[in-house]
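Structure first, then comments.
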Amino acid sequence: MIRHTALFTGYELKKSFSNPIWPLFGLMQPVLYLLMFAPLLKSLTPGGTTVDALRMFTPASMMMIAVFGSLFSGFGLIAELRNGSLERYAVSPAWRPAIVLGRVAKDMVVLVVQAVLVLIGAAAMGVRIGAVELVLVLLLMAATGLFASGLSQGLALTVRDENGMSQTLNLFLLPIMLLAGLFVPISFAPDWMKFLAPVNPLYHAVEAGRALFDGRLGDPSIPIAFGVFVVLAVLTTMWSMRSLGKIAG
Amino acid sequence: MKELTSPMIIQAQGLRKTFTTRSRKGAQTVEAVRGVDLGVAKGEIFGVLGPNGAGKTTTIRMLATLIAPDAGTATIAGHDLRKEPAQVRRNLGYVSQAGGVEDTTSARAQVMMAARIFAMADPARATAEVLDRFELTELADRPGRTLSGGQKRRVAIAIGLVHNPPLLFLDEPTTGLDPQNRANLWDRIRQLREAGTSVLLSTHYLDEADALCDRLMIVDHGTVVAEGTPSALKREVSGDVITLRVSEPERAAETLKPLARETRVDDDLLRVYVDDGEHTLPALLRALEERGLGLTSIALDRSTLDDVFLAKTGRSLRDAGAAV
Ligand SMILES: Nc1ncnc2c1ncn2[C@@H]1O[C@H](COP(=O)(O)OP(=O)(O)OP(=O)(O)O)[C@@H](O)[C@H]1O
Ligand SMILES: [Mg+2]
């Protein structure tokens, strides 16, 4: 089981990095976010300094990367459904969940690399964060990514069509992004948004991320976010593993 | 691996599969396979011949553990299809109709991955060997998307064979290949027989089934309409077929009945099935002349698998696909 998961993880990673241009783009993206948005947000932040803006925006951008980066990874699975390679793996002695888990694990590895880049960028611009907070932020990001990746694989195996998949993703992405307070904390938002935001899981992740960057370890948003995402990640990953049964249609 | 005592590598009885598809017009059921029995002996090339939609792929997918049959049982390489799917998979090579070659990775990486999944002792060596066997070494490091249709097919089969399975499934292996590549692939499949690998292949080409298969079954609308060696099947229909273009086919058929085992009218074509064409021909011509029936053309052929299909289903295999 573990051997096969490792096998597929390695295979997927090699596939991702066989053409280094695309992963490079993926890795650049978070750094670009920081460089481009931080000055913009500076004017909106109460304190007014770049470091304050970054402290608010860095955790938000990490969660955004976790969701964005992983939600689209299911497209690869649709391509393999079509060219028949998924069918081939399903007929091999491979432990079936490994086919999906390998992809999810690959997404996690990419996320961690991206997160490290963001943190280095933020540190270079003057943001400081404690070791415990750092580990917790990374774990939270991983859980968020796990949820998004599992959701994406499950969706791909259910929808089985690129067009339907992108429509479905677009439908969900906008409200999720808007209601998470990525660029502006929800506390600045109108009342109806404040009311709706807690329904959005990403909101909790962003709030907890900000608390961690502020060094507020006792903040209740942290256990809430972990609770929400561990449950969601387990659910979506299990769903994607079960959806594999539908390979042959 | 368990020592196999049965001479059969596949034994299946009463396989059935019904699909339900939901569309805007409501639920629709398709009886893709309706009670198929099949037996493949060790080391033999067994063909499943049938038009589009006959249920060939569905049958192979059931035998390959991809979809569960609604009814029926099967034993593959000594293991029960339902109870021991994992053991069955260990003994299989499976090359789907789509092929299963990935676009972005190299042929070598894909073959190597298959070798690793099957826990080969030396995956790199097994990979190099099978790539060499299929003359793919030169192409092995190019991404799948840059390969031609025929090259991709060879990669697909190399992936399916890297672990030296005792049984290989090939779903329409030569569809879309040019005549030279087809003949080439036929030779490679024959070499598998020499190596003792059993092959179950599906095809809708008559010549392919005839040239390649030790035994075959003809399927239509999910049922087996005939089974046997190609020569026995053809003998069963008749030795030879005389195809005539005549002015009044119905009346000509009536006239020639005493000379033939069977006659069949197809628009303005008349097919006369006889045991010995060369010796029947003079008598046949004389009979037509006596009745004053005008003859436009005449041809004498050995009967083909198409004649078998025609005799069993009333349709020609050449037209059957379009009707589905
Ligand atoms: N997943 C599926 N869902 C619904 N119907 C299906 C499915 N797979 C096959 N069918 C139907 O079952 C029938 C048999 O299909 P199958 O693919 O087995 O045919 P085939 O003999 O392989 O044909 P071809 O030569 O075109 O590949 C067809 O009518 C097809 O539409
Ligand atoms: Mg088919």
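The values are calculated or read from the model by the stated rules, or taken from the named source; none is laboratory data. Keep in mind the model is a prediction, meaning the values are calculated, not measured. Every residue, glycine as well, gets a Cβ built from its backbone with ideal geometry; the counts of neighbours run over all protein chains shown.
Observations
This table checks each residue for (1) more than 28 Å from the chain's Cα centre (by Cα); (2) among the basic types (K, R); (3) outside any loop (DSSP other than H, G, I, E, B); (4) assigned by TED's automatic domain parsing to the domain that holds B:G50.
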site: B:L233; (1), (2), (3), (4): no, no, yes, no
site: B:R264; (1), (2), (3), (4): no, yes, yes, no
site: B:L293; (1), (2), (3), (4): yes, no, no, no
site: B:T296; (1), (2), (3), (4): yes, no, yes, no
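- Any hit, the range A:89-97, residues being under 21 Å from A:A142 (Cβ atoms) and either out of contact with any Gly (no Cβ under 9 Å at 6 or more places or on another chain) or within 14 Å of another protein chain (Cβ to nearest Cβ) (or both): yes
- Within the range A:1-59, if we keep just the residues that are within 14 Å of chain B (Cβ to nearest Cβ) and in contact with a Phe, Trp or Tyr (Cβ under 6 Å, 6 or more places away or on another chain), the residue that is surrounded by the most Cβ atoms within 10 Å (Cβ to Cβ) turns out to be A:H4.
- Residues that are assigned to a loop (DSSP other than H, G, I, E, B), away from ligand 2 (no atom under 13 Å from the Cβ) and within 13 Å of B:A12 (Cβ to Cβ) within the range B:40-66 comprise just one, B:T65.
- Scanning the range B:82-111 for residues that are within 22 Å of the chain's Cα centre (by Cα), in contact (Cβ under 8 Å) with a residue 60 or more places away in the chain and either more than 7 Å from chain A (Cβ to nearest Cβ) or not in a loop (DSSP other than H, G, I, E, B) (or both) yields B:N91, B:L92, B:G93, B:Y94, B:V95, B:Q97.
- Test: residue in the range A:35-48 that is hydrophobic (A, V, I, L, M, F, W, C) and not in a helix (DSSP H, G or I): yes
- Counted as qualifying within the range A:61-178 are the helices (runs of 4 or more DSSP H) with 1 or more residues that are within 16 Å of the chain's Cα centre (by Cα) and among the β-branched types (V, I, T), namely A:96-124, A:131-159, A:162-178.
- Of all the residues in the range B:212-251, those that are closer than 30 Å to B:T29 by Cβ and of a type outside the set (G, A, S) number 10.
- Checklist (1) within 14 Å of another protein chain (Cβ to nearest Cβ); (2) touching a Ser or Thr at 6+ places or on another chain (Cβ under 9 Å); (3) more than 13 Å from ligand 2 (Cβ to nearest atom) applied to B:L15, failing item: (1)
- Residue within the range B:60-71 that is within 8 Å of ligand 1 (Cβ to nearest atom) and charged (D, E, K, R) present: yes
- Residue ID - farthest from ligand 1 (Cβ to nearest atom), chosen from residues in the range B:196-232 that are at pLDDT below 90 and of a type in the set (A, V, I, L, M): B:A232
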